[in-house]
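Just below is one structure, and these are the notes that go with it.
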Amino acid sequence: MKTVRVELGNRSYPIYVGEGLLVRVGELTRQHLPGRRLMVISNSTVTGLYGEFLKRNLEAAGWKVLWAEMLDGEEHKNLATVSRLYDLAVEGGLERGDAILAFGGGVVGDVAGFVAATFMRGIAWGQVPTTLLAQVDASVGGKVGVNHPKGKNLIGAFHQPRLVVADVATLRSLPRREIASGMAEVVKYGVIRSASFFAWLEENVEELLSLVPEALTHAVATSCRIKAEVVAADERESGLRAILNFGHTVGHALEAMTDYTRFTHGEAVAIGMVVASRLARHLGLGFTAEEEERLVNLLEAIGLPTSLPPGTDPRELLLFMQRDKKVKEGKLTFVLPRRIGEVEVVREVPQEILLEVLSA
Ligand SMILES: NC(=O)c1ccc[n+]([C@@H]2O[C@H](COP(=O)([O-])OP(=O)(O)OC[C@H]3O[C@@H](n4cnc5c(N)ncnc54)[C@H](O)[C@@H]3O)[C@@H](O)[C@H]2O)c1
Ligand SMILES: [Zn+2]
């Protein structure tokens, strides 16, 4: 087991990463979460796979478990679901000094965290993420929230969990496409912050895709450590945290433009990272053709797309980029690589250059 500490003063918390950690969730939650009652928020799929096992483990550790299930899917990450969960919490007698445990992917984590942030003005919570994306991304940083019909993640809060337990064995039941999608964020961490991690990924991509536990544990723990460092330096996203958006300016636009149906998040981000690399080369930031080739090769080895779908209209994509909630006064900000392991935030990228790169 590896432990990564997210250093946020009195809101610091540990992330435990390893193979077979589900059996230790009872004991670990007892150490880090207060109260007698624990409301577990999960979804139908994850409950079907691991619910019985986790519930018994928690009860054996002394928790009075209130198991709450939401429907599976991003379309249920909304206030109606949250409202129903408040009802279950009230009916189940959950108190201010009790706790919530999120058990599932990023959707469950964001919803459960939002319930924890708001129920009785905020109660303690922990996370047991069961997708690669949730383990390497959504479990670090304390962003919680739900979607609004007008936009994703428009309603939310910052509420740090007290602990995260990432059992890489749970990834075995995850569809291949979800593994590849989560890997896009893992590659992102290498490019933005660590050339040695990137090189390690190139060496170990086969092991990772075959879900070798030691390799997965290293990749998840290193990803969490990198995100934790960035978040610790900028908890509320005013500066450095922006670098986590590498690949996301184009990625988000591509997802929105295709109605969130054609690409998974990671697939869109993979394409976005390649576009950002091209842009960096165009602007002469130092990123080389060889580095771009290494990035493309790694993404392809994972099974991720690396170019815009044929027929993509660059101007339409640009419009979607300008609609992103992070765009300030219509100015396009990009996170661009200087070299593998280092990025720079570039504001006001000229539209003509962007269109040129998108059309190439
Ligand atoms: N809070 C943050 O910082 C943050 C960061 C990144 C993403 N997110 C959010 O996370 C969400 C995406 O997360 P996701 O990719 O985990 O999607 P998800 O939660 O929808 O999970 C993907 C699918 O896998 C299923 N699943 C989960 N664990 C499984 C397992 N072990 N075996 C088999 N199936 C399993 C789920 O039921 C779901 O059908 C988005 O809503 C996004 O906004 C939040
Ligand atoms: Zn992302």
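Laid out as a table, the results:
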| item | result |
| --- | --- |
| Number of the exception - SER223 against (1) more than 29 Å from GLN322 (Cβ to Cβ); (2) more than 13 Å from ligand 2 (Cβ to nearest atom) | (2) |
| Hits in the range 115-153 (condition: surrounded by fewer than 24 Cβ atoms within 10 Å (Cβ to Cβ) and more than 11 Å from ligand 1 (Cβ to nearest atom)) | ALA117, THR118, PHE119, MET120, ARG121, GLY122, ILE123, ALA124, HIS148, PRO149, LYS150, GLY151 |
| So VAL82, is it within 28 Å of PRO149 (Cβ to Cβ) and among the β-branched types (Val, Ile, Thr) | yes |
| Number of positions in the range 338-353 that are outside any strand (DSSP E or B) and touching an Asp or Glu at 6+ places or on another chain (Cβ under 9 Å) | 1 |
| Residue within the range 102-125 that is farther than 18 Å from HIS159 by Cα, at pLDDT 95 or above and either within 16 Å of ligand 2 (Cβ to nearest atom) or assigned to a strand (DSSP E or B) (or both) present | no |
| Residues that are in contact with a strand residue (DSSP E or B) (Cβ under 9 Å, 6 or more places away or on another chain) and within 14 Å of ligand 2 (Cβ to nearest atom), drawn from the range 256-286 | ALA256, TYR260, MET273, ALA276 |
| Considering residues of the range 154-180 that are among the charged types (D, E, K, R) and in a helix (DSSP H, G or I) only, the residue nearest to ligand 1 (Cβ to nearest atom) | GLU178 |
| Evaluation of THR264 against (1) in contact with a helix residue (DSSP H, G or I) (Cβ under 8 Å, 6 or more places away or on another chain); (2) closer than 25 Å to HIS159 by Cβ; (3) within 13 Å of ligand 1 (Cβ to nearest atom) (one fails), failing number | (2) |
| Unique match (being within 15 Å of ASN297 (Cα to Cα), under 16 Å from the mean Cα position of the chain (by Cα) and surrounded by fewer than 22 Cβ atoms within 10 Å (Cβ to Cβ)) among ALA199, ALA157, ALA180, ALA184 | ALA180 |
| Considering residues of the range 1-52 that are aliphatic (A, V, I, L, M) and part of a helix (DSSP H, G or I) only, the residue farthest from ligand 1 (Cβ to nearest atom) | LEU28 |
| Matching entry among GLU52, GLU74 (being charged (D, E, K, R), surrounded by fewer than 17 Cβ atoms within 10 Å (Cβ to Cβ) and under 23 Å from GLY156 (Cβ atoms)) | GLU74 |
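The values are calculated or read from the model by the stated rules, or taken from the named source; none is laboratory data. None of these values were measured; they are calculated from a predicted model. In this analysis, Cβ positions are derived from the backbone assuming ideal geometry, glycine residues included, and neighbour counts consider all displayed protein chains.
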